[in-house]
1. Limited to the range 235-251, what total is found for residues that are farther than 13 Å from N191 by Cβ and either in contact with a helix residue (DSSP H, G or I) (Cβ under 8 Å, 6 or more places away or on another chain) or hydrophobic (A, V, I, L, M, F, W, C) (or both)?
2. Looking at the range 55-66, can you tell me whether even one residue there is modelled with pLDDT of 95 or more, crowded, with 17+ Cβ neighbours inside 10 Å, out of contact with any strand residue (DSSP E or B) (no Cβ under 9 Å at 6 or more places or on another chain) and not hydrophobic (A, V, I, L, M, F, W, C)?
3. For the range 254-296, give me each residue that is in a helix (DSSP H, G or I) and of a type in the set (G, A, S).
4. Among the candidates D98, D140, D158, single out the residue that is more than 24 Å from S58 (Cα to Cα) and either among the aliphatic types (A, V, I, L, M) or surrounded by fewer than 22 Cβ atoms within 10 Å (Cβ to Cβ) (or both).
5. Quick test for you: out of N219, N230, N213, pick the one residue that is in contact with a helix residue (DSSP H, G or I) (Cβ under 8 Å, 6 or more places away or on another chain) and not assigned by TED's automatic domain parsing to the domain that holds A91.
6. In the range 57-87, which residues are in contact with a His (Cβ under 9 Å, 6 or more places away or on another chain), of a type in the set (S, T, N, Q) and in a helix (DSSP H, G or I)?
7. Go through the range 374-383 residue by residue and tally those that are out of contact with any helix residue (DSSP H, G or I) (no Cβ under 6 Å at 6 or more places or on another chain) and under 21 Å from D441 (Cβ atoms).
8. Please go through the range 236-286 and pick out each residue that is more than 27 Å from A310 (Cβ to Cβ), buried (at least 20 other Cβ atoms within 10 Å of the Cβ), small (G, A, S) and touching a Gly at 6+ places or on another chain (Cβ under 9 Å).
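The values are calculated or read from the model by the stated rules, or taken from the named source; none is laboratory data. Since the structure is predicted, the reported quantities are computational estimates derived from the model, not experimental observations. Positions of Cβ are generated from backbone atoms using ideal geometry, with glycine treated the same way; all protein chains shown enter the neighbour counts.
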Amino acid sequence: MTLIKSISGIRGTIGGEIGDNLTPSDLVKFTASFVKFLKKKSNSDKVTIVVGRDARVSGKMVENIVIGTLMGCGADVIELGMATTPTTELAVTHYKTDGGIIITASHNPKQWNALKLLGPLGEFLNGEEGGEVLRYAANDDFDFSDVDNLGKVIVSKDFNEEHIQMALNLPLVQKEKIKAARLKVVVDAVNSIGGIVIPELLERLGVEVIKLNCNPDGNFAHNPEPLKENLTEIAAKVVEEKADMGIVVDPDVDRLAFFREDGEMFGEEYTLVAVADYILSKKAGNTVSNLSSSRALRDITTKYGTQYNAAAVGEVNVVKKMKDTGAIIGGEGNGGVIYPELHYGRDALVGVVLFLSYFVEKGLKMSALRATLPEYTIYKSKIQLDKSMDVDKILSNIKTKFSSEKITDIDGVKIDFEDGWVHLRKSNTEPIIRIYAEAHDIGRATELADMIRKSI
């Protein structure tokens, strides 16, 4: 497996050959390079870096190497231990550090791990900044400190609690209404850190929680990507328990999906759409999602008379577009909600409290609530890449073939048809080309995707 280096982090499978997998040597190299980058950015020889990790089996090993390397480079460390990705982002600004490292491979299976790098705003590095770190690593251009200038470690094990309280304190969270509703919710946290924070968050709101896969030991009970085919257990449990809904998070708790009371998915794409409908009903403002996200957000935004904009895929790109356009809510169709009222990062805790506020205000069952939103269906497929495939040539050929349609090429190629769209792009996190297609029904979405696949 090739080591993948992108704006989404430096990730790979644990073990194997140096430079071809995420080995201890690679961890040292990229961590030391990041310290050099932060020292240059802050114009100081002394920097402080927050470190948090999900519950992956390899997490503690990677954490030990990362923290030891940071100390060896003279950087002080605030060690969060197990923490969600958004928790670590918030800790950077709370402690006013120079940056942060999140140890997680997000939705990838358990053999993967990664370093996600944060700047002083608690946001992911942009392409130029990430490129600078990679150049230092490629040239072994970094330094280690002498014995009198080693970094020190400050342990902060309670920041998950701080994050929970921050989410609950958001002004639009209807805490008393949620408590009065006496909800029953099934939670599947794929045996990672979400198994601690999501039940605690819900219990603070008076919700009865049925836990599935909430033991944070890193032994994922199923493929951790929150897709329907991976979530048969919670689908059955919601019906069995006569629960109001099911809640699913990925291992680092930045993606959020819901199940309806009938055991059907609410739709991962509709997490952001529903939360945006709630926010825009309270306050006028613009919205942003990425090119691979549902048209439903555009439709909801138009309903309220405000402006929708699309960004390239990747949280850093969505955040930039949100800042540029003054968006008050945004995110990605993979269940990632970004609400600047708290911070510019995908945050499942924020998504949960805002969605529950929307749910109790509407007073509808999940299936009825879903029916009030614009109806679209996304079909997602992929093509595995090998070294013989010229991705740029493939994309260029597609643009030429469909030049009569509306083409957007800021990130791969998106083709907008009158009744749907197809977006194909090289993944930031896996050696694949992703092909996403959306239309008002699954038949048409599949047809559009198959048409592009055959063209490739």
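1. Taking the range 235-251 first, the residues farther than 13 Å from N191 by Cβ are 235-247.
From what is left, the residues that are either in contact with a helix residue (DSSP H, G or I) (Cβ under 8 Å, 6 or more places away or on another chain) or hydrophobic (A, V, I, L, M, F, W, C) (or both) are 235-236, 238-239, 243-247.
Count: 9.
2. First pass over the range 55-66, keeping only residues modelled with pLDDT of 95 or more: 55-66.
Now restrict to residues that are crowded, with 17+ Cβ neighbours inside 10 Å: 55-56, 58-59, 62-63, 65-66.
Going one step further and asking which of them are out of contact with any strand residue (DSSP E or B) (no Cβ under 9 Å at 6 or more places or on another chain), we end up with 65.
Next cut, not hydrophobic (A, V, I, L, M, F, W, C) only: none.
Within the range 55-66 (the criterion being modelled with pLDDT of 95 or more, crowded, with 17+ Cβ neighbours inside 10 Å, out of contact with any strand residue (DSSP E or B) (no Cβ under 9 Å at 6 or more places or on another chain) and not hydrophobic (A, V, I, L, M, F, W, C)), the answer is no, since none of the residues qualifies.
3. Our first condition is that a residue be in a helix (DSSP H, G or I); within the range 254-296, this holds for 269-282, 295-296.
Once the filter is applied, which keeps residues that are in a helix (DSSP H, G or I) and of a type in the set (G, A, S), the range 254-296 yields A274, A276, S281, A296.
4. Working: D98 fails: either among the aliphatic types (A, V, I, L, M) or surrounded by fewer than 22 Cβ atoms within 10 Å (Cβ to Cβ) (or both); D158 fails: more than 24 Å from S58 (Cα to Cα).
So the residue among D98, D140, D158 that is more than 24 Å from S58 (Cα to Cα) and either among the aliphatic types (A, V, I, L, M) or surrounded by fewer than 22 Cβ atoms within 10 Å (Cβ to Cβ) (or both) is D140.
5. Numbers: N219 fails: in contact with a helix residue (DSSP H, G or I) (Cβ under 8 Å, 6 or more places away or on another chain); N230 fails: in contact with a helix residue (DSSP H, G or I) (Cβ under 8 Å, 6 or more places away or on another chain).
Result of the check over N219, N230, N213: N213.
6. Taking the range 57-87 and keeping what is in contact with a His (Cβ under 9 Å, 6 or more places away or on another chain), we get 83-84, 86-87.
From what is left, the residues that are of a type in the set (S, T, N, Q) are 84, 87.
Listed by number, the list holds a single entry, T87.
7. Kept after step one, since they are out of contact with any helix residue (DSSP H, G or I) (no Cβ under 6 Å at 6 or more places or on another chain), are these residues of the range 374-383: 375, 380, 382-383.
Checking the rest, the ones that are also under 21 Å from D441 (Cβ atoms) come to 375, 380.
Adding up the residues that qualify gives 2.
8. G246
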